[in-house]
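Written below as structure tokens is the structure these notes are about.
The values are calculated or read from the model by the stated rules, or taken from the named source; none is laboratory data. Everything numeric here is computed off the predicted structure, so don't read it as measured data. Because the Cβ atoms are built from the backbone with ideal geometry, glycine has one as well, and the counts that use them run over all protein chains shown.
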Amino acid sequence: MAIKNAWFTLTVAFIVLFFSSGLRFAFGIVLKPMSEDLGWARAETTMAATTFFVVSALVMPIYGRLIDRYSLIRIMIISIAITSLGFGLVAIVQTPWQFIFFYGIVFALGHSGFSILAVSVMVGRAFPNRAGIANSIAMSGFGFGQLIIISVLTLIVFEVGWRISHVYLAVGAALVLIPLLLFQAKFVSFLPDSPDRYEGHPTEFSSSSVPHLLRFTISTKFAILIVVYALCGFQDFFMATHIASFATDNGVRDQFAGNLLAIMGVFALAGVIIAGLLGDRFKAGFPTVLCFLIRLVIFILICTSNQPAFIVILAFSYGFTFLITAPLTVVFVKDLFGTPKMGALIGIVNMVHQFGGAIGAYAGGVVFDQTGSYQLMMIFMVVLSLGGLICSYFIHGSATFRRRLVT
């Protein structure tokens, strides 16, 4: 791929994740006003988010297989159209089952096809030798979307309500992304290429069939990898779904609490870039260990105090870790298994991450409804952080902290 086309692809990837992030994190802003407007319990409202994560998880491996076989651009365009339809129709919901259908099923079916999985493969193909830092730059679009779109959405929700906000965001995403991808398709082909085009870590497994793909997925290394991403997903989506509500419950002003999630995106930008640099210079396990170590400290401190200022500071600190593992998925897969089945393997990893997120988002709502606070969840987060730290180390073992050999 020509250098100019590679950089253009990186720009497109950034913009795609900018909107993908805004669409996904919007739920955390509308959770409380939507629940109060419709008279739903938080667990009842978050059931749609849980369904979204489960459906997303189930279709991730399917998208991975499709990406390995068909035009990536075409898959993404169709996905964006479905996403905008489902997200926009949330504006007319009156009952929980309608919300579950439009948001949890339709929106989820589309969103999975143009989020981190598709973009990771797109950027990995464009920058085979610098997948870590290239994906980090693309993933920074996720942080900017979290910052800018969520900040604007917070204002819109307070001005015109959560219903119209869904329409604005759905239409805006479609009008920007579909023409952009159609334009990109004129210059860059993303039909699947032969495996030998990409550089990857040699592996003893043949990759020509589904049985060989199964041999990858039942290996010990892959099992540890999916545990790491399941724990990460549980924490990330619990925080994304409940941090604004947790903050307002503990005395943070409503509008500032809404912007809290957005400002976390600023800190995520620094974290994702540092993760990419470390992932290219060391094994991907190194920045992942650091991620869970930081989270361990954060959640221990949250358990000691619920003062508003303290919550804000720790939320920003968590934001730094929010996207650290995102650009590392492709690096983990390339290091451990090579690249011929990259789409399918990344799809499985993202599926597990989404399943973890589904449980985390719903568990937060249930715990709050049963106890009236999130304290038990914060204690549980300490345990998960410790588990993630240990598992991250054992993916590469003692090689985790060794510098890569430059070839």
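Look through Leu225, Leu231 and report the one residue that is surrounded by 18 or more Cβ atoms within 10 Å (Cβ to Cβ), out of contact with any Gly (no Cβ under 9 Å at 6 or more places or on another chain) and in a helix (DSSP H, G or I). Steps first, answer last, please.
Numbers: Leu231 fails: out of contact with any Gly (no Cβ under 9 Å at 6 or more places or on another chain).
After ruling out the rest, the residue left standing is Leu225.
Please work out which residue is surrounded by the fewest Cβ atoms within 10 Å (Cβ to Cβ), limiting yourself to segment 280-297 and to residues that are in contact (Cβ under 8 Å) with a residue 24 or more places away in the chain and either touching an Asp or Glu at 6+ places or on another chain (Cβ under 7 Å) or aliphatic (A, V, I, L, M) (or both). Ranking the qualifying residues of segment 280-297, first place goes to Leu293. There is no residue in segment 355-368 that is of a type in the set (Val, Ile, Thr), buried (at least 22 other Cβ atoms within 10 Å of the Cβ) and not in a loop (DSSP other than H, G, I, E, B).
With respect to (1) more than 16 Å from the chain's Cα centre (by Cα); (2) of a type in the set (Gly, Ala, Ser); (3) closer than 15 Å to Leu17 by Cβ, the lone exception for Ser112 is condition (1). Inside segment 373-407, can you point out the residues that are modelled with pLDDT under 85 and either among the aliphatic types (A, V, I, L, M) or assigned to a loop (DSSP other than H, G, I, E, B) (or both)? Those that are modelled with pLDDT under 85 and either among the aliphatic types (A, V, I, L, M) or assigned to a loop (DSSP other than H, G, I, E, B) (or both): Ser373, Ile395, Ala399, Arg402, Arg403, Arg404, Leu405, Val406, Thr407. Filtering Thr325, Thr304 for residues that are in contact (Cβ under 8 Å) with a residue 60 or more places away in the chain and not in a helix (DSSP H, G or I) leaves a single hit, Thr325. Answer yes or no: is there a residue in segment 146-160 that is outside any helix (DSSP H, G or I), buried (at least 19 other Cβ atoms within 10 Å of the Cβ) and touching a Phe, Trp or Tyr at 6+ places or on another chain (Cβ under 7 Å). No, the conditions are met nowhere in segment 146-160.
Listed here are the residues, each with its yes/no results for (1) of a type in the set (A, V, I, L, M); (2) out of contact with any His (no Cβ under 7 Å at 6 or more places or on another chain); (3) farther than 22 Å from Phe101 by Cβ.
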| residue | (1), (2), (3) |
| --- | --- |
| Asn5 | no, yes, yes |
| Ala26 | yes, yes, no |
| Ile29 | yes, yes, no |
| Gly39 | no, yes, no |
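In segment 90-106, the qualifying residues are those that are hydrophobic (A, V, I, L, M, F, W, C) and without any contact (Cβ under 8 Å) to a residue 60 or more places away in the chain, and the one that is surrounded by the fewest Cβ atoms within 10 Å (Cβ to Cβ) is Trp97.
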